[in-house]
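Participant: Input: one structure, supplied below.
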Amino acid sequence: MIRLVVMLLVFTMVSSATRACDICGCGAGSSYIGILPEFGKKVFGIRYRNNTLLTHLGAGGIRTYLTTEERYRTADIWSGWNMGKKFRVIAYIPVSFNDKTSQGATMRKNGLGDISLQGYYQLLNTKTTISSKLLVQSLWIGGGVKLPSGNYEPADKNNSLQSANIFQLGTGSTDFSLNAMYDIRLHDVGINTALSYKINTANRHKYQYGNKLGANVQAYYKWRVKNKITIAPNAGLLYEHAATDREGKYEAGISGGSILLAAAGMETVCKRLSFGANWQPPLSQHLAGGMVKANSRMMIHISYIF
């Protein structure tokens, strides 16, 4: 089982993408959620994400007088419930604060994003002893649905000449996802991996964001302070890739791309509180034919476990 999961992850990380997803903005943005805190029954939290990027870049990725600076800030209210020992449900309610600046003018969009619900089944949960150290493995698989609760404005797409259609609060479509999360830990050293594939449908304006594949792997170490506080620094890689957007029968020319990011962060659990932060600088990227450039991302969160 371990070998199968590792092979799937490696294949995802190295497979060449012909064209890919919208990396920032609206409901098509990043699905990365970080390392979930351990919880017995329920967890409730708030997660804040900050993404920035440049659009309308010229040939070779150079700035022009049309270049636009865009910023996507999202506060996610999320909660998870464990139902018995095998089932887990996680819900996300995002509120977005988007703005873009070009030629001295700034446009803003604030409001509710696309609500999503995911269900998981625990396929593997083992604990064995190796050389007096405890080896723990856990594998969750499942699927989800994303609702068109965020506002989608077709006029922004139609009026944005040579621009990626990402400055939206939502996609306007009902979308689905397949997900897997695997964790292996030997005493205090562990590796956490996640795979997701998002299947997007066309909205009522006949615009369809490209299907999206995401993968991340992170290594972590847990320090325990007087059996009351757990501190877990972590580092790893994230990869995102998806198909070109479509409008009716035609492909959207300014869409697609792929990105590989590093990730470094810290997770802390103190009694019933879990909080942490994560920074994600890009290592390589090719977005919208080179007309979009993503900058470093940041995420912070706090959760209550009960």
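The values are calculated or read from the model by the stated rules, or taken from the named source; none is laboratory data. The structure displayed is predicted, hence computed values, not measured ones. Positions of Cβ are generated from backbone atoms using ideal geometry, with glycine treated the same way; all protein chains shown enter the neighbour counts. Just the protein is used for accessible areas: all its heavy atoms, side chains included, with ligands, DNA and RNA removed. Shrake-Rupley method; radii C 1.70, N 1.55, O 1.52, S 1.80 Å.
Participant: Tell me the residue from Ser284, Ser258 that is of a type outside the set (Val, Ile, Thr), more than 28 Å from Ser138 (Cβ to Cβ), touching a His at 6+ places or on another chain (Cβ under 7 Å) and open to solvent by 20 Å² or more (accessible area, probe 1.4 Å), please.
Facilitator: None of the others qualify; the one that does is Ser258.
Participant: A follow-up question, please. Give the residues of the range 175-200 that are in a loop (DSSP other than H, G, I, E, B) and open to solvent by less than 50 Å² (accessible area, probe 1.4 Å), sorted by residue number.
Facilitator: Asp188, Asn200
Here's the yes/no breakdown for (1) open to solvent by 10 Å² or more (accessible area, probe 1.4 Å); (2) among the charged types (D, E, K, R); (3) out of contact with any Pro (no Cβ under 9 Å at 6 or more places or on another chain):
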residue	(1), (2), (3)
Leu238	no, no, yes
Ala262	yes, no, no
Gly290	yes, no, yes
Ala294	no, no, no
Ser303	no, no, no
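Participant: Would you check which residues across the range 156-174 are within 26 Å of Gly290 (Cα to Cα) and open to solvent by 40 Å² or more (accessible area, probe 1.4 Å) and list them?
Facilitator: Matches in the range 156-174: Asp156, Lys157, Asn158, Asn159, Leu161, Gln162.
Participant: Which pairs turn up if I take residues in the range 145-161 that are closer than 20 Å to Thr55 by Cβ and look for partners that are surrounded by 15 or more Cβ atoms within 10 Å (Cβ to Cβ) and at pLDDT below 80 with beta carbon separation below 6 Å, at least 6 apart in sequence or on another chain?
Facilitator: Listed by first residue and then by second, the contacts come to Gly150/Gly27.
Participant: Using the structure shown, decide if Tyr48 is under 20 Å from the mean Cα position of the chain (by Cα) and open to solvent by less than 30 Å² (accessible area, probe 1.4 Å).
Facilitator: No, not satisfied.
Participant: Kindly list the number of the only condition in (1) surrounded by 14 or more Cβ atoms within 10 Å (Cβ to Cβ); (2) modelled with pLDDT under 90; (3) over 19 Å from the mean Cα position of the chain (by Cα) that fails for Gly34.
Facilitator: Only one criterion in (1) surrounded by 14 or more Cβ atoms within 10 Å (Cβ to Cβ); (2) modelled with pLDDT under 90; (3) over 19 Å from the mean Cα position of the chain (by Cα) is unmet by Gly34, namely (3).
Participant: So, one more: Against the definition (open to solvent by 40 Å² or more (accessible area, probe 1.4 Å) and over 14 Å from the mean Cα position of the chain (by Cα)), how does Gly253 come out, yes or no?
Facilitator: When the stated conditions are applied, Gly253 passes them.
Participant: Here's something else I'd like to know. Does the range 289-301 hold any residues that are over 17 Å from the mean Cα position of the chain (by Cα) and assigned to a strand (DSSP E or B), and which are they?
Facilitator: Passing the criteria: Val292, Lys293.
Participant: Output the residue which, of all residues in the range 105-126 that are of a type in the set (S, T, N, Q) and open to solvent by less than 30 Å² (accessible area, probe 1.4 Å), is farthest from the chain's Cα centre (by Cα).
Facilitator: Gln122
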